[in-house]
Amino acid sequence: MKELSVGDQLPSFTLPSDQIGDINIEDFKGQNIVLYFYPKDDTSGCTLEANDFSNAMDKFADLNTIIIGISRDPIKKHQKFRLKYDLKHILLSDEDSEVCNKFGCWVEKSMYGKKYMGISRTTFLVDAKGVIKKIWTKVKVKGHVEEVIDSLK
């Protein structure tokens with residue numbers, strides 16, 4: 001599969017959300033979209049990233065931008081994660097990694113010499129016409145949300 005690049009049209013997909021049933025990404029045309037892929041609910045880096053995005057929701061709303069987080073965690077885990085941290089943005093569940101694969105975020109990783117498949121922390125900024133404007137790969141969480149906001153301005 002061709003790797004996604006800046007200037008590409010956002011691939012179409014539908015995934016279950018933790019709050020409002022299935023969500024089709026096409027429903028958000030007309031708004032900017034920040035689509036961030038993260039490895040796992042309730043782990044230190046992922047919690048920090050989710051809280052940073054959630055805490056900046058007003059800034060994103062002022063820039064006509066919706067925030068969507070995607071991981072392989074099941075809906076029930078997303079619901080607990082949202083409640084525990086009072087997250088305000090959409091969380092989608094990609095349990096079979098189909099969307100992660102489409103976006104090139106399902107990759108081989110290595111820890112302590114063991115290889116395994118996992119989500120590479122990646123953020124896509126998509127404009128109101130559905131065109132990918134910026135891609136952050138191997139995201140470092142600290143300061144990332146500010147970078148995303150600056151790119152929207």
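The values are calculated or read from the model by the stated rules, or taken from the named source; none is laboratory data. Small disclaimer: the values here were computed from a predicted structure and weren't measured. Methodologically, a virtual Cβ is constructed for each residue, glycine included, from the backbone with ideal geometry; neighbour enumeration extends over all protein chains shown.
Within the set Leu35, Leu92, Leu15, Leu125, the sole residue that is under 22 Å from Glu3 (Cα atoms), buried (at least 17 other Cβ atoms within 10 Å of the Cβ) and touching a Phe, Trp or Tyr at 6+ places or on another chain (Cβ under 6 Å) turns out to be Leu35. Would you check which residues across region 34-70 are assigned to a loop (DSSP other than H, G, I, E, B) and either among the charged types (D, E, K, R) or free of Cβ contacts under 8 Å to residues at least 40 places away in the same chain (or both) and list them? Lys40, Asp41, Asp42, Thr43, listed by residue number. Checked against (1) assigned to a strand (DSSP E or B); (2) at pLDDT 95 or above, Tyr116 passes all but a single condition, namely (2). Of all residues in region 76-109, those satisfying the criterion of being touching a residue at least 40 places away in the same chain (Cβ under 8 Å) and part of a loop (DSSP other than H, G, I, E, B) are Asp94, Phe103, Gly104, Cys105. Can you tell me which residue is modelled with the highest pLDDT among those in region 128-151 that are part of a loop (DSSP other than H, G, I, E, B) and crowded, with 17+ Cβ neighbours inside 10 Å? Out of the qualifying residues, it is Gly130.
Across region 122-133, not a single residue is classified as in contact (Cβ under 8 Å) with a residue 24 or more places away in the chain, of a type in the set (Val, Ile, Thr), closer than 28 Å to Asp27 by Cβ and touching a helix residue (DSSP H, G or I) at 6+ places or on another chain (Cβ under 6 Å).
One line per residue, one yes/no per condition, for (1) within 15 Å of the chain's Cα centre (by Cα); (2) surrounded by 14 or more Cβ atoms within 10 Å (Cβ to Cβ); (3) among the charged types (D, E, K, R):
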position: Ile68; (1), (2), (3): yes, yes, no
position: His78; (1), (2), (3): yes, yes, no
position: Leu83; (1), (2), (3): no, no, no
position: Ser97; (1), (2), (3): yes, yes, no
position: Val107; (1), (2), (3): no, yes, no
position: Lys153; (1), (2), (3): no, no, yes
